[in-house]
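The values are calculated or read from the model by the stated rules, or taken from the named source; none is laboratory data. Remember, it's a predicted structure, so these values are computed and weren't measured experimentally. Every residue, glycine among them, receives a Cβ derived from its backbone with ideal geometry; neighbour counts consider all protein chains shown. In case anyone asks, the SASA skips ligands and DNA or RNA and just uses the protein heavy atoms, side chains included. Shrake-Rupley method; radii C 1.70, N 1.55, O 1.52, S 1.80 Å.
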Amino acid sequence: MTEQSTVTLTTATPVTLPDAQTVTEVEHYTDSLFRFRVTRPASLRFRSGEFVMIGLMSDLDPVTGKQKPLLRAYSIASPAWDDTLQFYSIKVKDGPLTSKLQHIKPGDQVILRPKPVGTLVHDALTPAKRIWFFSTGTGIAPFASLLREPETYERFEQVILTHSCRDLAELKFGQELVEETKNDILVGEEAQSKLIYYPTTTREPSAKMGRITTVLEDGTLFADLKIADFNAENDRAMVCGSMGLNTDMKRILEAYGLREGANSDPGDYVIEKAFVG
Ligand code: A2P
């Protein structure tokens, strides 16, 4: 469904915003990280873990006098059954989109192109015992969706979320997410018995320090979780983070014998880069 509505942007020029959705909630975690919720288009169907294009109109081009949509890929950080759509975003001072997006308030409008896609979906993985969600920074967003998706607990006996950030303040939205998931009316009970949360920081001291790749390769992760048998028979993985994380995790998972999957060819693990908003 394409909705049309009139909004007033910072340029004070009323424009018609295509695919407009209304912001319902905004929370800032740090000076570089925030989350927001928007209304859900009535016709939008998506699979938990997918992403959509989100944006605002650009400033007026001084030459052409026109504005154009500034869009970036954002993972939907709420489950497929939710009434509203949640997103996590970084704030980049000179970022074309996030320098503006970070100022949105409830009642404002954003553009949301209703064409969800992505590889971090259950359809891309074959059945197994455990699912691992490996994330850094805002790469946790698709897992915020999948953790509240009942299918995750139907398909797996154990669900392990790892989240690495530079400092403790950046871990906060993951901590809130895990708390909410364990209290969720739909999946809370299952999550309490199946969900394991493993946060690490890499620059600020915390209970567990180090890159997830380091603690995985040196055996600390498995020792902490008392897991002795990580392999292609028991384990499935989804990875979402920086290019570095994705490249390193691909190498590590393949060394354990896991095979990359896709929507058209389900496998043992899938990877998607955390999008820069
Ligand atoms: P580090 O602090 O050691 O670079 P960023 O804020 O740069 O997006 O990074 C988010 C988190 O991802 C940081 O904790 C960072 O650790 C970590 N990280 C970056 N590259 C990798 C990688 N190749 N493998 C694992 N973790 C990584």
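Can you tell me which of 181, 152, 200 is within 16 Å of the ligand (Cβ to nearest atom) and outside any loop (DSSP other than H, G, I, E, B)? Before the answer, list the steps.
On the way: 181 fails: within 16 Å of the ligand (Cβ to nearest atom); 152 fails: within 16 Å of the ligand (Cβ to nearest atom).
The conditions single out 200.
Looking only at residues that are among the hydroxyl-bearing types (Ser, Thr, Tyr) and part of a loop (DSSP other than H, G, I, E, B) in the stretch 1-49, which one is modelled with the lowest pLDDT?
Step one: filter the stretch 1-49 for residues among the hydroxyl-bearing types (Ser, Thr, Tyr), giving 2, 5-6, 8, 10-11, 13, 16, 22, 24, 29-30, 32, 39, 43, 48.
With the extra rule that they be part of a loop (DSSP other than H, G, I, E, B), the set shrinks to 2, 10-11, 13, 32, 43, 48.
Working: 2: 38, 10: 44, 11: 45, 13: 45, 32: 92, 43: 91, 48: 97.
The residue in question is 2.
Screening residue 270 against (1) outside any loop (DSSP other than H, G, I, E, B); (2) surrounded by fewer than 20 Cβ atoms within 10 Å (Cβ to Cβ); (3) touching a strand residue (DSSP E or B) at 6+ places or on another chain (Cβ under 8 Å) leaves a single unmet condition, (2).
As a summary of the residue check, residue 255 satisfies the conditions (1) open to solvent by less than 10 Å² (accessible area, probe 1.4 Å); (2) within 16 Å of the ligand (Cβ to nearest atom) except for the one numbered (1). Quick one: would you say residue 161 is out of contact with any Lys or Arg (no Cβ under 7 Å at 6 or more places or on another chain), within 16 Å of the ligand (Cβ to nearest atom) and closer than 17 Å to residue 78 by Cα? Judged against the criteria, residue 161 is a match. Beta carbons closer than 8 Å, at least 6 apart along the sequence or on distinct chains, pair a first residue in the stretch 221-245 that is under 13 Å from residue 131 (Cβ atoms) and among the acidic types (Asp, Glu) with a second that is assigned to a strand (DSSP E or B) and within 16 Å of the ligand (Cβ to nearest atom) for 235/132. On the stretch given as the stretch 88-144, residues that are hydroxyl-bearing (Ser, Thr, Tyr), under 19 Å from residue 269 (Cβ atoms) and either away from the ligand (no atom under 16 Å from the Cβ) or not assigned by TED's automatic domain parsing to the domain that holds residue 243 (or both) total 2.
Could you tell me which of the residues 101, 120 is aliphatic (A, V, I, L, M) and farther than 23 Å from residue 154 by Cα?
Details: 120 fails: farther than 23 Å from residue 154 by Cα.
Selected residue: 101, the only one of 101, 120 that is aliphatic (A, V, I, L, M) and farther than 23 Å from residue 154 by Cα.
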